Amino acid sequence: MTDRLIPALRVLLATVWAGSLWTVGYLVAPTLFATLDDRTLAGSIAGSLFHVEAWVSVACGLSLLVLLMGNHRFERRRSCLVLVVLMLVCVSVGYFGLQPFMAELRALAAASGGVMDEATRSRFGVLHGVASVIYLVQSVLAVGLVLRVR
């Protein structure tokens, strides 16, 4: 039974991880900004969703590492391990590394009436751009993971 259960769990975890990345980042967040007139509210909701997504990524990634480390017969094990580690690095840097700086800039803006000055807006834009590129890289790596983990 475990001969079929472990591969099925690998595929399920990779699919949940990739699907959640794609859904939050490329469907839900853009839809929030397209439909809500209040960009601050849209950003707040998107931020909450990305927070949950970051923890989904950690849970799926660590679970996949456990499943992959224990399976020495899986022929694509090494490439899957590399993909999982790279994706975990992306979420670590992109969310847990950059997000606190972005939150600090948002807090500064909130303290000054909700408006960012030009320098703060510029810094926020750079951090947001870097985080977006990292998220895109993680999303592309997820394609490779889904294709390799089967």
Segment 117-149: number of residues that are open to solvent by 70 Å² or more (accessible area, probe 1.4 Å) and either touching a residue at least 40 places away in the same chain (Cβ under 8 Å) or not β-branched (Val, Ile, Thr) (or both): 8
Subset of segment 59-73 [farther than 15 Å from Leu141 by Cα and buried (at least 17 other Cβ atoms within 10 Å of the Cβ)]: Ser63, Leu67, Leu68
Cβ pairs under 9 Å, 6+ apart, first in segment 99-110 and at negative phi, second buried (at least 17 other Cβ atoms within 10 Å of the Cβ) and not in a helix (DSSP H, G or I): Leu105/Met116; Arg106/Met116; Leu108/Met116; Ala109/Met116
Failed criterion for Ala54 (all others in (1) open to solvent by less than 40 Å² (accessible area, probe 1.4 Å); (2) more than 20 Å from Val84 (Cα to Cα) hold): (2)
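I need a count of the residues in segment 117-148 that are of a type in the set (Asp, Glu) and touching a Phe, Trp or Tyr at 6+ places or on another chain (Cβ under 6 Å). I'd like the intermediate steps shown before the answer.
We begin by selecting, within segment 117-148, every residue of a type in the set (Asp, Glu); these are 117-118.
Narrowing the set further to residues that are touching a Phe, Trp or Tyr at 6+ places or on another chain (Cβ under 6 Å) leaves none.
The number of residues fulfilling the criteria is 0.
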Search result, residues across segment 102-111 that are more than 18 Å from Gly25 (Cα to Cα), in contact with a helix residue (DSSP H, G or I) (Cβ under 7 Å, 6 or more places away or on another chain) and surrounded by 15 or more Cβ atoms within 10 Å (Cβ to Cβ): Leu105, Ala109
Qualifying positions in segment 1-32 - open to solvent by 80 Å² or more (accessible area, probe 1.4 Å) and either touching a residue at least 12 places away in the same chain (Cβ under 8 Å) or assigned to a helix (DSSP H, G or I) (or both): Thr2, Asp3, Arg4, Leu12, Trp22, Tyr26, Leu27
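Looking at Gly97, Gly114, can you tell me which residue is small (Gly, Ala, Ser) and exposed (fewer than 12 other Cβ atoms within 10 Å of the Cβ)? Show your work before the answer.
Working: Gly97 fails: exposed (fewer than 12 other Cβ atoms within 10 Å of the Cβ).
On inspection, the qualifying residue turns out to be Gly114.
The values are calculated or read from the model by the stated rules, or taken from the named source; none is laboratory data. Given the structure is predicted, the values throughout are model-derived calculations rather than measurements. A quick note on method: Cβ atoms are made from the backbone with ideal geometry, for glycine too, and the neighbour counts reach across all protein chains shown. When the accessible area is computed, the model is the full protein with side chains, heavy atoms only, and any ligands, DNA or RNA have been set aside. Shrake-Rupley method; radii C 1.70, N 1.55, O 1.52, S 1.80 Å.
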